[in-house]
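One structure is given here, and the rest of the page talks about it.
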Amino acid sequence: MRGQSEASFSARVKAELCRQTLHACCAMSMLYGVLLFGRKYARTGIELSTENEDVAWFASRRLEECFNISAIPARLGKKKLQLSVDATEHTRRILDAYGPVRPGGRQINYAVLDSEEPEQTEHESPTDDPNGEEYEVETACCYRAFLAGVFLSCGSIGEPRRQYHLEFAVPFPRLADSLARYLEELGFFAKRTKRGEHGNIHVLYFKDNEHIADLIGLMGAMECSLNLADVAIEKTLRNKVNRQTNSDTANLNRAAAAAVRQLNAVRLLKKHGRLSALSSPLREVADLRVANPEASLTELCEVAHGITRSSLYTRLKKLEQLADIL
């Protein structure tokens, strides 16, 4: 396992989710999210394939705790781990608890997420018909735990210092539709695209940093949610400083270019013998510019006693105009 400082932000979010202390009902719901969005979820077997060791061992522990099923993650190649429950009575018990796959393909079974444990009455659960359209999910602990499980199984998040991007990559269209509706009921409206050689990976994604921070916070990764908010503030401040620096640099460049033009104008007027014929105010400003070749307009005002910035600017422009007609 990589150290905390070396782990990707996505891995850190998943590690935090796996460390949560859960009520029994939420543990069941979170495991449901992991398995339903895994590689296989059917009477013929249940499989989870992942590159994240925290996720693989989380699912293994939850299977032991919730169903008394011993399933040890097996290494597939250098990176992947696979957790399998063969087509035995174990698979039947899991599907009986969570509900079988519907004929049209996998869908979220909302009824599974309703907590029936008396000690959880302070956590509101959806009260409407599970087959209906409206759910009171804002404070449903099991609904948040289920979404955390979904993220463990098929979610990822980009490094926030480079980009804001959270996604759920689902290889089953019916299940992707079901997840999109589920997210909307939680108040999160994902954008959608397809990926893969045949466009068979359905990706639900978010690009707004506030939505992403709220989403991972809702799932239970509060530390990472706060870290994301800190990064957003830091990036905002850095961008502000960069804009100010760029603005200051541009102003300095403009001031330097103006000073060069004005010095050239004075030299040209002097070369043609026109400088001595100018009015006293123009000669005074010309002498001031020659004596302070690198000064900005503001700095010239500080040494030109009694001359306003507007008057100074006007006289310098007049010198340029006179030089242009020579």
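The values are calculated or read from the model by the stated rules, or taken from the named source; none is laboratory data. Just so it is clear, the model here is predicted, and its values are computed rather than measured. Neighbour counts run over all protein chains shown; Cβ positions are idealised from the backbone, glycine included.
Looking across segment 234-269 at every residue that is charged (D, E, K, R) and without any contact (Cβ under 8 Å) to a residue 12 or more places away in the chain, the one that is surrounded by the most Cβ atoms within 10 Å (Cβ to Cβ) is identified as Arg267.
Restricting attention to segment 17-46, the residues that are surrounded by fewer than 17 Cβ atoms within 10 Å (Cβ to Cβ), over 18 Å from Ile157 (Cβ atoms) and either in contact with a Phe, Trp or Tyr (Cβ under 9 Å, 6 or more places away or on another chain) or not small (Gly, Ala, Ser) (or both) total 5.
For every residue, the table says whether it meets (1) within 26 Å of Glu234 (Cα to Cα); (2) in contact with a helix residue (DSSP H, G or I) (Cβ under 6 Å, 6 or more places away or on another chain).
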site	(1), (2)
Phe146	no, yes
Ile157	yes, yes
Tyr164	yes, yes
Ala176	no, no
Val203	no, no
Glu210	yes, no
Gly217	yes, yes
Gly220	yes, yes
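Return yes when Lys235 is over 19 Å from Leu17 (Cβ atoms) and under 15 Å from the mean Cα position of the chain (by Cα) and no when it is not. Taking the combined requirement at face value, the residue satisfies it.
Please tell me if Ala286 is surrounded by fewer than 12 Cβ atoms within 10 Å (Cβ to Cβ), over 48 Å from the mean Cα position of the chain (by Cα) and at pLDDT 85 or above. Judged against the criteria, Ala286 is not a match. For segment 160-276, the strands (runs of 3 or more DSSP E) that sit wholly inside it and include 3 or more residues that are of a type outside the set (Phe, Trp, Tyr) and touching a Leu at 6+ places or on another chain (Cβ under 8 Å) are 166-170. Of Ala304, Ala323, which residue is touching a helix residue (DSSP H, G or I) at 6+ places or on another chain (Cβ under 9 Å), over 22 Å from Leu252 (Cβ atoms) and surrounded by 15 or more Cβ atoms within 10 Å (Cβ to Cβ)? So the residue among Ala304, Ala323 that is touching a helix residue (DSSP H, G or I) at 6+ places or on another chain (Cβ under 9 Å), over 22 Å from Leu252 (Cβ atoms) and surrounded by 15 or more Cβ atoms within 10 Å (Cβ to Cβ) is Ala323.
Beta carbons closer than 6 Å, at least 6 apart along the sequence or on distinct chains, pair a first residue in segment 11-36 that is under 19 Å from Leu179 (Cβ atoms) with a second that is outside any helix (DSSP H, G or I) and at pLDDT below 95 for Val13/Ile157; Val13/Ala221; Lys14/Asn52; Leu17/Gly220; Leu17/Ala221; Leu35/Tyr41; Leu35/Ile46.
Would you check which residues across segment 237-265 are of a type in the set (D, E, K, R) and either in contact with a Gly (Cβ under 9 Å, 6 or more places away or on another chain) or more than 18 Å from Arg309 (Cβ to Cβ) (or both) and list them? If you could, list the steps in order and put the result at the bottom.
Start the filter on segment 237-265 by keeping residues that are of a type in the set (D, E, K, R), which leaves 238, 240, 243, 248, 254, 261.
Once the filter is applied, which keeps residues that are of a type in the set (D, E, K, R) and either in contact with a Gly (Cβ under 9 Å, 6 or more places away or on another chain) or more than 18 Å from Arg309 (Cβ to Cβ) (or both), segment 237-265 yields Arg238, Lys240, Arg243, Asp248.
All conditions but one from (1) in contact with a Ser or Thr (Cβ under 7 Å, 6 or more places away or on another chain); (2) modelled with pLDDT of 90 or more apply to His123; the one that does not is (2). Scanning segment 60-79 for residues that are over 34 Å from the mean Cα position of the chain (by Cα), buried (at least 16 other Cβ atoms within 10 Å of the Cβ) and in a loop (DSSP other than H, G, I, E, B) yields a total of 2.
What pairs can you find where one residue is in segment 65-91 and more than 23 Å from Cys26 (Cα to Cα), the other is part of a helix (DSSP H, G or I), and their Cβ atoms are less than 7 Å apart, with a gap of 6+ or different chains? Filtered contacts from segment 65-91: Leu81/Glu53; Leu81/Ala56. Listed by first and then second residue, the pairs linking a residue in segment 290-305 that is more than 20 Å from Leu275 (Cβ to Cβ) and assigned by TED's automatic domain parsing to the domain that holds Ala257 to a residue that is outside any loop (DSSP other than H, G, I, E, B) and hydroxyl-bearing (Ser, Thr, Tyr), with Cβ atoms under 7 Å apart and 6 or more places separating them unless they lie on different chains, are Leu297/Tyr313.
Filter segment 81-107 down to residues that are touching a strand residue (DSSP E or B) at 6+ places or on another chain (Cβ under 8 Å) and assigned to a strand (DSSP E or B), then give me how many there are. So the count comes out to 6.
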